[in-house]
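The next block holds one structure in the form of structure tokens; read it before the comments.
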Amino acid sequence: KIKGGLGNQLFQYAVGRSTSLSLRVPLLLDISMYNTYTLHEYRLGNLKIEAGIATNSEVAKFRGGESLPSRIFRKNKFFRKSSFRPERHNFYYDPNLVSGDNIYLDGYWQNELYFSDIRQTLLQEIAPKCELTPTAQLYAKKIKNSRNSVSIHVRRGDYLEVSGIGVLDKDYFYKAANILCDQYDNLTFYVFSNDIPWCKKYLNSIPNVTFIENTENEVQDLFLMSLCNHNIIANSTFSWWGAWLNQFRNKCVIAPKGWRLDID
């Protein structure tokens, strides 16, 4: 089941891809949630992924239908279909997840242990399917020509409306930038955000800073973030993937100590 924004979609694809390879069965994505979900768009189709789209009948076969009895059975572990595998705990790794023949995965699966063994495969597949826009190409060239490039991802927008997550303030980003400035010379910072006006107002004192604007979508931003030598990430799965896809051998990634306000 694919749900949420691009960062969440990537975790779901990664665990699905790893599971499909382990079971030696095709990977199908249930994207039916996006028929009514308006906060985010389905973005995996913009990447070089190896997956098909599940039909309604295929979803019903392994998950169950949308009738009231089917939904009740899914919530009761004693009556749900054996192929239906909901995530038990957020952020935790379940070593017994992969078993059986065909299974339906429903969760966020935000743990690298599910797919760390297929990193090289995912690096090839989590890449833009289409050519970058001219604007994104110019940014990519500038980043590649920078001696020590650093991406800064600032997540605001929808986070301002969600309780329990916590929005990072400007002090975090300045502290992170200073840590890197103490370790490396000739740094160039590239700021990515869904609230660039806020960034321009409060982060304009960061040295050698460029604010990334007018790219086509999140996929292009993610790719540009991955080109940087180092990454300052927010408490965001999108941030996390930008750093994980970074293949610079000596990269330094700075992350907030607390990921959510409601989780220690």
Which one, [x] 36; [y] 53; [z] 27, gives percent of Cα pairs over 29 Å apart as derived from the coordinates shown? [x]
Square roots of five times the Cα gyration tensor eigenvalues for segment 128-264, Å: 22, 18, 15
Relative contact order of segment 172-236, please, whole-number percent, based on alpha carbon pairs below 8 angstrom and at least 6 residues apart. 33 percent
For Asp94, net neighbour charge (Lys/Arg +1, Asp/Glu -1) across residues whose Cβ lies under 12 Å away: +1
Give the peptides 97-110, 125-138 in descending order of average Cβ contacts within 10 Å, highest first. 97-110, 125-138
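For segment 82-220, what does the relative contact order come out to in percent, with C-alpha contacts under 8 Å and a separation of six or more?
Working: 134 pairs, mean separation 30.3, N = 139.
Rounded, it is 22 percent for segment 82-220.
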Any chance you could give the angle, 0 to 90 degrees and rounded to 10, that helix 6-23 forms with the longest Cα principal axis of the chain? 50 degrees
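Looking at the chain only, what percent of DSSP beta bridges run antiparallel? Nearest 5 please. Don't skip to the end; give the middle numbers.
On the way: 1 of 21 bridges.
Of those bridges, close to 5 percent are antiparallel.
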Partner lysines for Lys129 [C-alpha distance under 29 Å; skip if fewer than 8 residues away on the same chain]: Lys1, Lys3, Lys48, Lys141, Lys142, Lys144, Lys251
Which values, in whole Å and largest first, are the semi-axes of the equivalent ellipsoid of segment 161-217 obtained as the square root of 5 times each eigenvalue of the Cα gyration tensor? 21, 16, 10
Angle in degrees between helix 170-183 and the longest Cα principal axis of the chain, rounded to the nearest 10: 70 degrees
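How high is the relative contact order of segment 6-54, in percent, with contacts defined as C-alpha pairs under 8 Å that are six or more residues apart? It would help to have the intermediate numbers written out before the result.
Working: 35 pairs, mean separation 24.3, N = 49.
That works out to 50 percent.
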Local electrostatic count at Ser146 - Lys and Arg +1, Asp and Glu -1, tallied over other residues with Cβ under 15 Å: +4
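Throughout, read-outs are computed from the coordinates displayed, never taken from laboratory work. Here the structure is a predicted model, which is why all the values come from computation and not from measurement. Virtual Cβ from ideal backbone geometry, glycine too; neighbours counted across all protein chains shown.
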